[in-house]
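K.L.:
One structure, as structure tokens, below. Some questions next.
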Amino acid sequence: MSLPSSERSTQPDDFDPPGPDWLYRLRQRFAGTSKYRQLLWRVVATFVGGAILLAGLAMLALPGPGWAAIFLGLAVLATEYAWAHRLLRFSKDKAQGAASAAFSRQNRGRAIAIAIIVLLLVAALVSWYVYYNGWSFDRLLGWFGLG
């Protein structure tokens, strides 16, 4: 999708906007060249990004998608702060390196062995539960106050 001529910038082709592209375009549409709108955007982005980041940190210990919230908070903060942009880029590079190392040919056999062991452990736990409790889920639901 190409931008209308009024929204095209004079940025070089290799320009990498801070944060996600869609958020950068939204900022450009909202704030434009107005100093007051830019200040308002910066305050809102700081508050929202900081809140998401703190919620993500809390979700590392509590139930929830902690890492996803941390990266989302960093993406929002990266629209305004260079340190957040650098940290987000560093995290992205490390995650891509870890993913490529995990799926490399050298580690493929180890990953398959771990997956088989985990599946066997899950099968053993399910078999143990069915042996002692039958196919009834009454006791399991009772653990959560539902039975």
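The values are calculated or read from the model by the stated rules, or taken from the named source; none is laboratory data. Here the structure is a predicted model, which means the values were calculated and not measured. Positions of Cβ are generated from backbone atoms using ideal geometry, with glycine treated the same way; all protein chains shown enter the neighbour counts. The area values use the complete protein model at the heavy-atom level, side chains included, leaving out ligands, DNA and RNA. Shrake-Rupley method; radii C 1.70, N 1.55, O 1.52, S 1.80 Å.
K.L.:
Out of curiosity, is S136 over 30 Å from R37 (Cβ atoms), open to solvent by 70 Å² or more (accessible area, probe 1.4 Å) and small (G, A, S)?
P.N.:
No; evaluated as a whole, the condition is false for this residue.
K.L.:
Within region 103-115, which residues are closer than 26 Å to W67 by Cα and in a helix (DSSP H, G or I)?
P.N.:
Of everything in region 103-115, those that are closer than 26 Å to W67 by Cα and in a helix (DSSP H, G or I) turn out to be N107, R108, R110, A111, I112, I114, A115.
K.L.:
Report the residue count in region 107-126 for those that are over 30 Å from G97 (Cα atoms) and either open to solvent by 70 Å² or more (accessible area, probe 1.4 Å) or in contact with a helix residue (DSSP H, G or I) (Cβ under 9 Å, 6 or more places away or on another chain) (or both).
P.N.:
Number of matching residues: 2.
K.L.:
Just to be sure I understand, how many residues within region 43-70 are assigned to a helix (DSSP H, G or I), of a type outside the set (G, A, S) and either free of Cβ contacts under 8 Å to residues at least 12 places away in the same chain or open to solvent by 70 Å² or more (accessible area, probe 1.4 Å) (or both)?
P.N.:
8
K.L.:
A follow-up question, please. Filtering region 33-42 down to residues that are part of a helix (DSSP H, G or I) and more than 19 Å from H85 (Cα to Cα), which residue is most open to solvent (accessible area, probe 1.4 Å)?
P.N.:
Y36
K.L.:
Scanning region 78-102 for residues that are in a helix (DSSP H, G or I) and in contact (Cβ under 8 Å) with a residue 24 or more places away in the chain, which turns out nearest to Q38 (Cα to Cα)?
P.N.:
Residue satisfying both the conditions and the ranking: A82.
K.L.:
Which residue out of A111, A102, A95 is aliphatic (A, V, I, L, M) and closer than 30 Å to L23 by Cα?
P.N.:
Going through A111, A102, A95 in turn, just one is aliphatic (A, V, I, L, M) and closer than 30 Å to L23 by Cα: A95.
K.L.:
Same structure, new question: Of the residues F15, F30, only one is more than 30 Å from A111 (Cα to Cα), modelled with pLDDT under 85, open to solvent by 40 Å² or more (accessible area, probe 1.4 Å) and assigned to a helix (DSSP H, G or I); which?
P.N.:
Only one candidate passes the filter, namely F30.
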